[in-house]
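Structure, as structure tokens:
Read-outs: derived from the displayed coordinates by stated rules, not from any lab. Just so you know, these numbers come straight off a predicted model, no measurement behind them. Ideal geometry is used to build each Cβ from the backbone, glycine not excepted, and the neighbour counts take in all protein chains shown.
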Amino acid sequence: MEILKYPSPNFGSRREDTKIQFIILHYTAMDKQSSLDRLCSPDYEVSCHYLIDSGGTCYQLVDDNKRAWHAGKSFWRGLRDINSRSLGIELVNSGNEAYPKAQMESLMVLLRDLLAIHKISPQNVLGHSDIAPSRKTDPGKWFDWRLLSENGLAILPKVSLPIDTDKQSFLLDAQRAGFEPEATFEQILQAFRSRCRTNFEGAFDGYDCALMKKFADIFDVDELSNPQ
Ligand SMILES: [Zn+2]
């Protein structure tokens, strides 16, 4: 896939004790040109590594080895400074519309390459709302996590039965997965549903709990254990 260079001056150095271990997905909430202008404007001090427009054209704004400014105040699995540990991909989308097929296909080609080059695990492909549930809602409920998951490029828990509806266990599982402990129950539920239970707006229930438990189980493995 051809990647067009569109250099942004908005970047710095990664912190020395970090490596690229996450990919964070965003929507721009603006049209393509306004997005590119803002991501390249020194006045706004925001940027990302890649931007994919609705037709699937991919731009590179910041080199992978530099620290782009897309995550802001964020947290995942005990780690803060996610900008130092991640690549940021912006998708041109208003937040209220489907992501076109051409855009998703370019994203999958890009993700496949980046996961291989940087040896990133699919479980570390996250949404901005996962790492900042109290502030952010992107990539939002129109983003097709299932498609990424079916292609081995992200994870999405599946369950067939509910478990007990219990707020406390839900929050404990959310922390076990990696969500920031300071976020409220409502913020986490909203962020989690926008990824795992799109368009469901009913009351908190046993399926939310079962999905969060499954989600946490995927992350909560002893990284030193040998699966053999
Ligand atoms: Zn974002």
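Here Leu61, Leu25, Leu51, Leu36 are screened, and the one residue that is under 15 Å from Asp130 (Cβ atoms) and either within 16 Å of the ligand (Cβ to nearest atom) or in contact with a strand residue (DSSP E or B) (Cβ under 9 Å, 6 or more places away or on another chain) (or both) is Leu25. If only residues of the range 139-153 that are more than 16 Å from the ligand (Cβ to nearest atom) and part of a loop (DSSP other than H, G, I, E, B) are counted, the one that is nearest to Thr198 (Cα to Cα) is Asp144.
Restricting Leu126, Leu111, Leu107 to residues that are under 13 Å from the mean Cα position of the chain (by Cα), surrounded by 19 or more Cβ atoms within 10 Å (Cβ to Cβ) and either farther than 27 Å from Met30 by Cα or more than 16 Å from the ligand (Cβ to nearest atom) (or both) narrows the list to Leu111.
Report yes if Glu186 is free of Cβ contacts under 8 Å to residues at least 12 places away in the same chain and acidic (Asp, Glu), otherwise no. Against the criterion (free of Cβ contacts under 8 Å to residues at least 12 places away in the same chain and acidic (Asp, Glu)), Glu186 qualifies.
Scanning the range 114-123 for residues that are part of a loop (DSSP other than H, G, I, E, B) and either of a type in the set (Gly, Ala, Ser) or within 12 Å of the chain's Cα centre (by Cα) (or both) gives a single hit, Ser121. The criterion of being part of a helix (DSSP H, G or I), over 20 Å from Thr137 (Cβ atoms) and free of Cβ contacts under 8 Å to residues at least 12 places away in the same chain does not hold for Ala102. For the range 150-174, a residue qualifies if it is without any contact (Cβ under 8 Å) to a residue 24 or more places away in the chain and buried (at least 16 other Cβ atoms within 10 Å of the Cβ), and exactly one does: Leu171. Each residue in the range 12-22 was checked for being under 20 Å from the mean Cα position of the chain (by Cα) and either within 16 Å of the ligand (Cβ to nearest atom) or among the acidic types (Asp, Glu) (or both), and 1 pass. With respect to Arg195, is the statement that it is charged (D, E, K, R), assigned to a helix (DSSP H, G or I) and within 16 Å of the ligand (Cβ to nearest atom) true? Spelling it out, Arg195 is indeed charged (D, E, K, R), assigned to a helix (DSSP H, G or I) and within 16 Å of the ligand (Cβ to nearest atom). The set of residues in the range 82-96 that are within 16 Å of the ligand (Cβ to nearest atom) and not aliphatic (A, V, I, L, M) comprises Asn83, Arg85, Ser86, Gly88, Glu90, Asn93, Ser94, Gly95, Asn96.
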